[in-house]
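Participant: Quick one: structure below, then a few questions.
The values are calculated or read from the model by the stated rules, or taken from the named source; none is laboratory data. Since we're looking at a predicted model, the values are computed, not measured. Every residue, glycine among them, receives a Cβ derived from its backbone with ideal geometry; neighbour counts consider all protein chains shown. Side chains included, ligands, DNA and RNA excluded: accessible areas come from the protein's heavy atoms. Shrake-Rupley method; radii C 1.70, N 1.55, O 1.52, S 1.80 Å.
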Amino acid sequence: MKLRRLLCTLPLVGFLASCASISGGVAPSTTPLTPGSYREMGSVRGTDCVYYLLGIIPLSAGNETKNAVANAIAKVSGATALVNVSVDTYGEYWILFSQRCTQVDGVAVAPK
């Protein structure tokens with residue numbers, strides 16, 4: 001009987017949790033750059049998230065592209081910009097807690 005109750009409850013809990021992803025966009029760089037004026041320093045990923053209680057009460061500020069870009073650039077010492085940039089937004093939704101995040105991927109660069 002307990003196993004039957006568990007098997008009935010698990011799908012219901014699954015309907016209360018979900019995730020979603022939305023493609024944002026792409027850009028050649030985060031600042032205007034002249035070809036050949038920079039050196040590539042490696043691939044990076046930066047994120048910025050906002051967290052919610054019950055899906056409506058914000059627990060933090062965030063989910064801004066500019067903060068995700070700054071987070072990505074800060075991962076490589078000496079980097080000043082990103083090239084080959086892509087931006088995505090994703091969310092995770094749980095019963096009591098949810099989050100929405102902006103994710104930036106690119107290649108960190110520095111002046112030559």
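Participant: Arranged from highest to lowest average of other beta-carbon atoms within 10 Å per residue, in what order do the peptides 53-66, 89-102 appear?
Facilitator: In decreasing order of mean packing, 53-66, 89-102 become 89-102, 53-66.
Participant: Run the numbers on the chain and let me know its relative contact order in percent, using alpha-carbon pairs under 8 Å that are six or more apart.
Facilitator: 37 percent
Participant: Relative to the longest principal axis of the chain, what angle (0 to 90°, nearest 10) does the C-alpha long axis of helix 2-15 take?
Facilitator: 40 degrees
Participant: So, with a 1.4 angstrom probe, what is the percent of accessible area on the chain that is carbon and sulfur?
Facilitator: 62 percent
Participant: From the Cα gyration tensor of the chain, with a ≥ b ≥ c the square roots of its eigenvalues, which class applies: rounded if a/c is under 1.5, or else prolate if a/b is larger than b/c, or else oblate?
Facilitator: Taking the square roots of the gyration eigenvalues as a ≥ b ≥ c, the chain is prolate.
Participant: What net charge is computed for the residues neighbouring Asp105, neighbours being all others with C-beta under 10 Å from the C-beta of Asp105, Lys and Arg scored +1, Asp and Glu -1?
Facilitator: Around Asp105, the surrounding residues sum to 0.
Participant: Send over a whole-number figure in Å² for the accessible area per residue of region 18-91, probe 1.4 Å.
Facilitator: Result: 62 Å² of accessible area for each residue.
Participant: Also, quick follow-up: Apply the Karplus parameterisation 6.51 cos²θ - 1.76 cosθ + 1.60, with θ equal to phi minus 60°, to every residue of region 50-65 and state each ³J(HN,Hα) to the nearest whole Hz, in sequence, with x for glycine and proline.
Facilitator: 10, 10, 10, 9, 6, x, 9, 9, x, 9, 7, 8, x, 6, 10, 4
Participant: Local charge sum around Thr65 (other residues, Cβ-Cβ under 15 Å, Lys/Arg +1, Asp/Glu -1)?
Facilitator: So the environment of Thr65 carries a net charge of -1.
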